[in-house]
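The values are calculated or read from the model by the stated rules, or taken from the named source; none is laboratory data. Quick caveat, the model's predicted, so the values are computed rather than measured. As a convention, Cβ positions derive from the backbone with ideal geometry for all residues, glycine included, and neighbour counts pool all protein chains shown. Surface areas here come from the heavy atoms of the whole protein model, side chains and all, with no ligands, DNA or RNA. Shrake-Rupley method; radii C 1.70, N 1.55, O 1.52, S 1.80 Å.
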Amino acid sequence: MLFNSLHFLVFFPVFCYLYFSVPKQHQWKILVAGGYYFYGNFSPFFAIILFVITCNDFLAGKMMDKESSQQKKKKWLFLSMAGNLGILFTFKYLDFADNNIRELLAVFHIPWFVPEPYFNNWVVPVGVSFLTFQSLSYTIDVYKGVTKAEQHFGYFASFTAFWPVMVNGPIERAKNLLPQIKEEHRFDYDRMRLGLFRMAWGFFKKAVIADRLAFYVDNLYLHYDVISGWTTLIGGLFFFIQVYCDFSGYSDIALGAAKVMGIDVMENFKRPFFAKNLADFWTRWHISLSTWLTDYVFFYLGAYKASGGKVIFNVIFVLALCGLWHGANWPMVLSFTMVGVFMAIRYWWQANVVRIIKPSNTYRLFDKYFPDWAHSIITIFLFLFCFLLFRVHTAQMAINHAHPDAPVEWITIAKTMYGNLFRLNTAAYFHEWMLNQGVIQFAIAIFFVAVLFITEAITGDSKIETIVISKDKIQRWTIYVLLLVSIVWFGIFNNTSFVYFQY
Amino acid sequence: MLKKTVRNIILITILLLVLSSVVRFFMPFYWGDSVQTVKYEYYKKHAEQYNAVYLGGSLEYRHIDPTIIDSVAQKNGIDLRSFNLGVDGHGIVQEMSDLDGLLSIRNPNLKYIFLSISSEAYFFQSNLHTPKWISWHSANSTYRAWSIIPTLDNPVIFRSKYMYFFGMSWMENLFNIGTVPDMLKYRFDKTYLDSSYIGKDRNGFYPYDYEENHLFMEYKWEDTLLLQSRKRFESGDPYSDTLNKEVLTSFTNFKGTEKPNAPMVKICLDAYNKCKKRGIQVFFILPPKARTNYSLLLPVFNAMPEGSKIELGDIRKYPKFYSIEYGYNFHHLNYKGAKLFSHEMAKQLVPLMKAQRDSL
């Protein structure tokens, strides 16, 4: 079920009514039923996969709890990892692996036994990467002793089927979510106000900004060969903002819905466009994934404690892995690897800060004489540069679908786009690109993007809903009405799914 | 607390409803469709030049050439100055909304309105959630659609879906859901309007032959669709024979005693009487190549008042309309077909008008 659908508009109040009506001991049942209904609505088959993941990790957790030695626990952890990563690999990466093996073998003229195409029409369960990572974090935490194994299957099933976060994050941890699920939750007016406002803010980002910018982003990628210079740059920025609003919009709705239910979910975004450097960016963008990768991969590899060369490798490796998590295609992996390379360069440059406390002279000067906003702009453009690749695979699919007689390689699209990006003495097709939807639509897009960033600048790191709710009645209601009017009047409602659903 | 929540939700909904109504109040009824806007704005400016108007969907817009009909009528001593206000995709429900809108445009000279009986409450799914579709929905149109849909022969699941879509579209209209950017576009940036849709003779007629490579951005998908459908049709696709057989069966089996679809008859007669009260004569046209089965349309058409019916759908009487030579695609005539259609329509219309004049 999509958050931005009429179905959800009916589902949510009905769910809340049932959830708050039943006694405490039955609330988990409503959570599980709601979760399976929500997820099974995409396809009943997805619900079966969810059930398999739940059984596998519940069993692994419980068995680890019984084992006394770490060695024996490791076997059960392996079972959990094999189950989760096996599902993830089968549905998401098998086709990618198959294609790469085929191409590799073709170089040596060795035939590959799998007929082509074989796996490419397998349906990837919505949000399977989120589901598996959330569930996997539980078994790793049980293994590490961070979390106690859950003994009640129902509570554990409510954790894996916690519908606000299950398909698009934030990737929650059992130690945060499970204790809250077990508590009694009753309807609370103030909490409901906070939650609903946060949800509305999420809908605003998604329906008013992200889906509007999608017009321009689609055109940028579909006409990658003729658009160049400033048009590519602004288009790339639009894409960056689109992904941010789409994904953080979903997280806001998830956080808000959970809040209404009385459960606090971790923040997933903290004004990433105000990040002062690449490392800072990752503490603000998709926080639940970056902390997941930091906790379970980066620290496992030795984090910053390793030698300089190893740290650089670790940074690039984790970012490449992050890219692979985002999409089973090379442009995506390359996109994040490039971010990793930039982060490694920064680390190398700033190494003294971390390792010997004394920063290098050039870094000190850079840090001292560049204002915060300049740092933010540089960070944004470095990410924009890397994230141009983010969408290349999807664009390639769309272009090849529209013109099967003249297929293009992703590398051609990427090379052309980067080539065009650097021709900053031009702004080819800017008018056509901008006016494709008319001046008014463009003006509306710019206006609401400005509203978003001004709001983020004003609210700072505080939660927007807390600030709004603390205002006096007139101010509060003015904001309610303006937000609602913006969503209802200016939103785009054609059931567009969320960009991150494919991950 | 729950009461307070419900109260606040109701309050904010009412507020939104009021604000939306205020915004919509400043919009003309035709603003959501660019072709309709072009045609109605032209008509509005020159309304008093015309004493007759054709309403309906593409079967009227693309087929009725007012110049031909006017000249035939004038040769027979009848003063007819007509304008084609048909717009693609307008079924019977939207046609009635168009009629309501048309009557609100001041034109003391308006004497004749032509309505088409060519569809039930149908819609193109791709139009849902677009201003073209949302903009015209009202309590009246929803009532009309909801009265027709349950009586149709489609399976219950489809009928329920249609009811839902019409109801939903009305809600979208009430709250201006996602439509305000297009309203602003209409108010402040009319560059998207293409006046060529008024037609070469400035009479609202624009056959499909002119349409290729001349479509709006919003209809871009139709560009290929039109071309494809024309090629399929011209290649002698057997689907054409299937459709023709269906039409033939409907006309052959029609005895004239069949019970018509009551809500459709009521809607048409209401329109007839409403116009009559204003001194306007309504003529009902049964066009050829309708998408809706003639076994549904024929009894409704048959139930219309005598002297107001122009029947042009019968494949036995008008086989040319169903031939490849005169067709554009499965459901439309080409320019040649449109000219023939207009002549045939004029032939039937003149005696009706003469009889009406003589009776006065």
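In this simple spin-label approximation, A:Q475 and A:D280 carry label points 7 Å from Cα along the Cα→Cβ vector, and these lie 2.7 nm apart. Normalised size of segment A:171-246, defined as Cα radius of gyration per 2.2 N^0.38 Å with N residues, equals 1.70. At what distance in angstrom do the alpha carbon centres of segment A:249-286 and segment B:258-276 lie from each other? With segment A:249-286 and segment B:258-276 each reduced to a Cα centre, they are spaced 58 Å. Relative to the longest principal axis of the Cα atoms of chain B, the long axis of helix B:34-46 makes an angle of roughly 70 degrees.
With the highest mean first, a sort of the peptides B:248-256, A:235-243, A:372-380 on other beta-carbon atoms found within 10 angstrom per residue produces A:235-243, A:372-380, B:248-256. Leaving out same-chain residues fewer than 8 places away, which aspartates and glutamates sit with a Cα under 20 Å from that of A:K368? A:K368 reaches A:D280. Working from Cα pairs under 8 Å separated by at least six residues, relative contact order for segment A:6-187 is 32 percent.
The residues neighbouring A:R102, those whose beta-carbon lies less than 15 Å from its own, together hold a net charge of -4 under the Lys/Arg +1, Asp/Glu -1 convention. Excluding ligands, DNA and RNA, the accessible surface per residue across the protein assembly as shown is 44 Å² with a 1.4 Å probe. For segment A:67-72, 3J(HN,Hα) computed residue by residue from phi via the Karplus equation (6.51, -1.76, 1.60; θ = phi - 60°) reads 6, 9, 8, 4, 4, 6 Hz, glycine and proline entered as x. Scaled against 2.2 N^0.38 Å for its residue count N, the alpha carbon radius of gyration of segment A:273-391 is 1.05. Within the shell defined by Cβ-Cβ distances under 14 Å, the residues around A:W28 carry a net charge of 0, with Lys and Arg each +1 and Asp and Glu each -1. Full extension of the segment from A:D264 to A:V451, taken as 0.36 nm per residue of separation minus the current Cα-Cα distance, would add 64.7 nm.
For segment A:6-187, what log10 I(q)/I(0) values come out of the Debye formula at q = 0.08, 0.14, 0.15, 0.17 1/Å, with one point per alpha carbon and no solvent? Values returned for q = 0.08, 0.14, 0.15, 0.17 Å⁻¹ are -0.32, -0.81, -0.89, -1.05. As a rough guide to protection, the peptides A:311-324, B:108-121 ranked by mean Cβ packing within 10 Å, highest first, stand as B:108-121, A:311-324.
For the residue pairs B:K3/B:K161; B:K39/B:K339; B:K111/B:K309; A:K463/B:K3; B:K111/B:K320; B:K132/B:K185, the alpha carbons lie more than 22 Å apart in B:K3/B:K161; A:K463/B:K3; B:K111/B:K320.
Do you know the relative contact order of segment B:194-343, to the nearest whole percent, from alpha carbon pairs under 8 angstrom that are 6+ apart? Answer for segment B:194-343 is 28 percent.
For B:D65, the residues whose modelled amide H falls within less than 5 Å of its own, excluding neighbours fewer than 5 places apart on the same chain, are B:S342.
Each residue of segment A:435-451 is assigned a 3J(HN,Hα), and the resulting list reads 8, 3, 9, x, 4, 4, 4, 5, 5, 5, 4, 5, 4, 6, 5, 4, 4 Hz, derived from the Karplus form 6.51 cos²θ - 1.76 cosθ + 1.60 (θ = phi - 60°), x at Gly and Pro. Taking Cβ atoms as reference points and 14 Å as the exclusive limit, the residues near A:P272 contribute a net charge of -1, counting Lys and Arg as +1 and Asp and Glu as -1. Measure nothing fancy, just the Cα-based angle from helix B:238-253's long axis to the longest principal axis of chain B, in degrees from 0 to 90, nearest 10. With rounding to tens, the tilt is 80 degrees. Solvent-accessible surface (1.4 Å probe) assigned to A:I345 amounts to roughly 90 Å².
Amide H to amide H distances under 5 Å link B:K309 with B:F284, where only residues 5 or more positions off or on other chains count and H is placed in the peptide plane. Each residue of segment A:194-202 was assigned a 3J(HN,Hα) from its phi angle through the Karplus expression (A = 6.51, B = -1.76, C = 1.60, θ = phi - 60°), giving 4, x, 5, 5, 4, 4, 4, 4, x Hz with x at Gly and Pro.
Straightening the chain between B:R232 and B:K45 buys 63.3 nm, computed as 0.36 nm per residue apart minus the Cα-Cα spacing.
Helices in the protein assembly as shown, meaning DSSP H runs of at least 4 residues, each add -39500 (n - 2.57). Divided by all residues, the mean residue ellipticity at 222 nm is -20000 deg cm²/dmol.
Note on B:E325/A:F317: beta-carbon distance plugged into 1/(1 + (r/R0)^6) with R0 of 60 Å gives a FRET efficiency of 0.30. Annotation: amide H of B:G327 within the under-5 Å range of B:N334, sequence separation 5 or more or interchain, hydrogens built in the peptide plane. Considering all different alpha carbon pairs of segment B:231-360, the Kirkwood hydrodynamic radius works out to 16.0 Å.
Between segment A:83-141 and segment B:295-320, the alpha-carbon centres lie 61 Å apart.
Each 5 Å bin from 0 upward holds the following percent of the Cα-Cα pairs of segment B:1-113: 2, 10, 16, 18, 15, 10, 7, 6, 5, 4, 3, 2, 1, 1, 0, 0.
Under a model in which nothing but the beta-carbon of Lys, Arg (+1) and Asp, Glu (-1) is charged, segment A:273-391 shows a dipole of about 280 debye around its Cα centre. Binning the alpha carbon pair distances of the protein assembly as shown at 20 angstrom intervals from zero yields the distribution 13, 38, 32, 15, 3, 0, expressed in whole percent. When the inverse distances between all different Cα atoms of chain A are averaged and flipped, the Kirkwood radius reads 24.4 angstrom. In plain terms, the bigger the Kirkwood radius, the slower the diffusion; for chain B, with that radius from Cα pairs, at 4 °C and 1.567 mPa s, Stokes-Einstein puts D at 61 µm²/s.
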